[in-house]
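The values are calculated or read from the model by the stated rules, or taken from the named source; none is laboratory data. This structure is a prediction, so every number in the text was calculated from the model and none was measured. Cβ coordinates were reconstructed from backbone atoms using ideal geometry, including for glycine residues, and neighbour counts include every protein chain displayed. Calculation scope for accessible area: heavy atoms of the full protein, side chains included, ligands and nucleic acids excluded. Shrake-Rupley method; radii C 1.70, N 1.55, O 1.52, S 1.80 Å.
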Amino acid sequence: MKRILSLLSIWLLCTAAGMAHELRSPDGNLLLEFSLEDNGVPVYRLCYKGKPVILPSKLGLELTGNSTRVEFGAELAVKSENRDPQTSLYDNFELTDTRRTGADETWQPVWGETRNIRNRYDELAVTLRQKGTEREMVVRFRLFNDGLGFRYEFPQQKNLTYFVIKEERTQFAMTGDHTAFWIPGDYDTQEYDYTVSRLSEIRKLMKSAITPNASQTPFSATGVQTALQLKTDDGLYINLHEAALLDYACMHLELDDENFVFESWLTPDADGTKGHLQAPCHTPWRTVIVSDDARDIVASNITLNLNEPCKIEDTSWIKPAKYVGVWWEMITGKSEWSYTYDLPGVQLDVTDYAKVKPHGRHGATTENVKRYIDFAAEHGFDAVLVEGWNTGWEDWFGNSKEYVFDFVTPYPDFDLEGIRRYAGSKGIKMIMHHETSASIRNYERQLDAAYRFMNKNGYPAVKSGYVGNIVPRGEHHYSQWLNNHYQYALEKAAGYKIMVNAHEATRPTGICRTWPNLIGNESARGTEYQAFGGSKPNHVTVLPFTRLIGGPMDYTPGIFEMDISRINPNNTSHVNSTLANQLALYVTMYSPLQMAADLPENYGRFADAFQFIKDVAVDWDDSRYLEAEPGEYLTVARKAKGTDNWFIGNVAGENGFTSRIALDFLDAGKTYVATIYSDAPDAHYKTNPQAYEIKKIKVTNKSKIKQRSAPGGGYAVSIVPLAAK
C-alpha cells in the first residue's frame, strides 16, 4: 500500500505545473524536479509524458574521511590534514543558487552514424552548500528530448581540495519490477551473454549468468553493469549509463531488489578506495535515456553530446577502415600466436628464438601474412591486422608477469621489412597489435618506442589488448587508475597520429567525440566467443541497446563457416547465427572499423554473399532506425557518406522476425536497384545456418519491403541508384 501511495503521489507531481526547481525538455515531454528533502538530502525525479520514470532518488557521495587541503607557502607546498568528522556529501545541504541555460547547436563528427548531430538541451545547475563544513557542490542537469544527463561538480574552495571517494550514492529508483537486459557487475570484464529477466529475478539468476570464460568476480548478487536496458510493463524503454568517463572509476549499479532502487557502485582501486579527486573537478555524467519507442534508445546521441568537442586540430589522418586479419585462425585454434613451445617460463630474446625449433603452427608467418595482404588487395579492403607477430607469446597469459612483451621485436619467421614493402606495393595498410597481457607499467614504459616504431613502419592504427589480471597486482580493469591509463595511451597515440582500437578496456562512454582516434573498442562479448562455445542468438539484438550506447564496437563479424570443427577438428563450437545475419551486422553493429573476420577460403566458398561485405560502407551521412525491440529484432538503414547508396540490415533473435519497412527515406523521383541477401525459407541458426537467397528488385521511395528473418537470422540490403549500375 505504501508503494502504491508513493506512485500515486509521483504521478500527481508529474502532472502538476509550476513546481519549484523543475526543468522541462525542449519538446516538453520530459520533466525533471530537484528538491532538498529532510535533513538537506538532494533528491531528483524524472517523468516522461506524465508517467514517472525515476521515483524520488537521492544524490551525493560518501568520502573516506581523509580529505586534505593544500596550503602554499613562499617556496613549497605543505599538505595539511583537514580531517572532517562528517564524511557525508549527501546530506545537510542548503540551496544557495540555481542557474538555467540551454543550447541548440549542430556539430559534425569526424566519423559517425550521421553527418550532423544536433545537441539540444535545457540545463539546470543547482549550487549546494553543506552546513557546518561549508563545502560546496554543484549538481548540473541537462534535459534532452530523449533523456537526462547529470553530474556532480566541485568548485575550487577552501574546505574541499583533495578528497577521496568511499562511494558514490547516486540512486535510480524504478517504478516497478521492470524487465532488464543485464550482465553481472564485474570489475574486470564485460564479456558475458546477456540475461533477460525481471529485476526481482536477478539475485536468483546471477550465478547462472556467470560464464566459465568470465572472471567470476561479480561484486554482489544483485549488481549489474551499464549500459543497462530496461522495459516497463506499460511500454517505456529506459537506459541507464554514463558519459565522459574521465579520471574516475567505472560505475556499476547495485540493486535493492525489494524496492527496485539502483544505486551507483564504483570500481575500486587496489587500496579499496573509489577515486582520488582534486577540486576543481567533476564526475562523469549519469544518463537516463527514455522513450516509448525503442528506436529512440538506439538512435540517441546523448552520450556523445555530453562529451567535449574534438581536441585534435588536424583529423585528416583519422580514416574509417574495413580490414581482414590473421586472427580468426588463432581464435578457432587452427594456428597459434606463439612461435615455439620451448623454454616456458624463460624470458627469451630474438637471438634465443633463432636457436629453438618452431612448433609449426605459428599464424603470423611472412608467407601467411602475404596471403591475407593479397586477399585484401584483391577484394578492396583497406588494411590487414596481424596478431602474434612479436616475441613473448610462449609465456604470456595468467602468470602476473611484469615483463612480457616488447612491441618492436618480430619473431624470426615474420619479415617486418618485407611485409611493409609488400603491403605498400599492394596499397594495403597494416594494423599493429599490442597485447599488453594487462601489464600496464610494462606497456607505458614502451609506449613512445612502440608508437615511433609504428610511424616508422607505416602502421596507422593499433589494436591493443588487456587480457588477464592487471599488473600492478590488485588493480582492476575499470578503476580510476586504469581509466587514466587508457586515456593516457589514447592521447599519446593522437600525438603520433595513431588510431586506437582497445580491447578488454572500459566500455566506452562517448569519449570518441573528443578523441576520435579512438576508432573502436571491444569491451563486450564479441564474435570470438562463437568459437569458445557460442553466444546466444539474441546477443546481437541486445548489444545495440547496451554496449553500443557508449560508442562503436569492434565486434569482428562476417563469419561464414558456422561449424568450427571444419576449421579445427578439436573445436566443436558452433556460431549461433545464420550467414545472412552475419551480413546484417555490418549495418546494425555500427563501427567505423569493420573486420571481415573469417578465413579467406571461406569467403571464396560464398563469393556472391561476400559481395555485400565488399560493398558495405563504414562511414555514414544518415542513419534510420526502422524497427527495434531489445532481444528480438533490429532493422537499420544507413546512407554511405558522400554517395546516394543505402544499406539496410536486420537481425533477429531466437524467435525470428518478419520485417515490414517503407523505403520513404530514398530520394523522390529516383529508381534504385536493391540487392537483398536473406535467409532461405528453411534457414535456422543451428540446423541450417548457411542457407541464403539473393535477389535484385527495383525500388523507389514509395516501395515497401516485407522480409522474413529466420531464428538467429536476418537480412542485408544494398540499394544503389539505377543510373549508377
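Things to note:
- Positive-end residue, the chain charge dipole about Cα centroid, Cβ charges, pick of Gly427, Thr365, Thr96: Gly427
- Entries in Lys166/Lys536; Lys311/Lys456; Lys357/Lys401; Lys401/Lys492 that, when Cα-Cα distance is taken, lie over 27 Å: Lys166/Lys536
- Projected label distance in nm at Ala723 and Asp563, using a 7 Å step from Cα toward the beta-carbon: 4.9
- Eligible lysines near Lys614 by straight Cα distance, threshold 19 Å, same-chain separation 8 or greater: Lys319, Lys322, Lys426, Lys429, Lys639, Lys641, Lys695, Lys696, Lys725
- Charge tally in the Cβ shell below 12 Å around Gly272, where Lys, Arg are +1 and Asp, Glu are -1, Gly272 excluded: -2
- Each of Glu378 and Asn484 was given a label point 7 Å from its Cα along the Cα-to-Cβ line. The distance between the two points is 5.1 nm.
- Under 20 Å from the Asp682 label point (7 Å along Cα→beta-carbon), backbone N, the stretch 547-587: 561-563, 577-581
- In the chain, a dipole from Cβ-located charges (positive for Lys and Arg, negative for Asp and Glu) runs towards its positive end, and of Ser400, Thr133, Ser291 it is Ser291 whose Cα lies farthest in that direction.
- With θ taken as phi - 60° and the Karplus curve 6.51 cos²θ - 1.76 cosθ + 1.60 applied, the whole-hertz 3J(HN,Hα) list for the stretch 685-692 is 4, 9, 9, 8, x, 9, 8, 9 Hz, x standing for glycine and proline.
- Helix content alone sets the calculated 222 nm mean residue ellipticity of the chain: runs of n ≥ 4 DSSP H residues at -39500 (n - 2.57) each, divided across all residues, give -5000 deg cm²/dmol.
- Taking trypsin sites (Lys or Arg not before Pro) across the stretch 648-711, the ones in a DSSP loop with at most 10 further Cβ atoms lying within 10 angstrom of their Cβ are Lys702.
- Calculated FRET efficiency for the pair Phe397/Ala354, C-beta based, R₀ 22 Å, to 0.05: 0.35
- Electrostatic tally near Ala209: other residues with Cβ closer than 13 Å to its Cβ, Lys and Arg +1, Asp and Glu -1, net +1.
- Each Lys or Arg adds one and each Asp or Glu subtracts one; over the other residues with Cβ under 12 Å from the Cβ of Ser300, this totals -2.
- Amide H to amide H distances under 5 Å link Trp265 with His252, Leu253, Glu254, where only residues 5 or more positions off or on other chains count and H is placed in the peptide plane.
- Cα-centred dipole magnitude for the stretch 96-151, charges only on beta-carbon of K, R (+1) and D, E (-1), debye, nearest 20: 160
- Those trypsin sites (Lys or Arg not before Pro) in the stretch 140-191 that DSSP places in a loop and that have at most 15 other beta carbons within 10 Å: Lys158
- Across Lys231/Lys274; Lys463/Lys698; Lys207/Lys274, pairs whose alpha-carbon gap is larger than 32 Å: Lys463/Lys698
- Given charges at beta-carbon only (K, R positive; D, E negative), |dipole| of the chain in Debye: 1500
- The longest stretch of the chain left intact once loop-based GluC sites (Glu not before Pro) with at most 13 other Cβ atoms within 10 Å are removed from consideration, loops following DSSP, is 403-725.
- With a Förster radius of 51 Å applied to the beta-carbon distance between Asp293 and Tyr341, the computed FRET efficiency rounds to 0.35.
- Residues of the stretch 530-573 with an amide N closer than 15 Å to a point placed 7 Å from the Cα of Glu601 along the Cα-to-Cβ direction: 560-570.
- Ordering Leu59, Val720, Ile613 by the projection of their Cα atoms onto the charge dipole of the chain, which places +1 on the Cβ of Lys and Arg and -1 on the Cβ of Asp and Glu, puts Val720 at the extreme positive end.
- Å² per residue, accessible surface of the stretch 493-543 at 1.4 Å: 18
- Only the Cβ atoms of Lys and Arg (+1) and of Asp and Glu (-1) were treated as charged; on that basis the dipole of the stretch 435-555 about its Cα centre amounts to roughly 120 debye.
- Residues of type lysines that Lys158 reaches as a straight line, Cα spacing below 18 Å, ignoring anything fewer than 8 places off in the same chain: Lys79, Lys131
- Inverse of mean 1/r across different Cα pairs in the chain, Kirkwood, Å: 26.9
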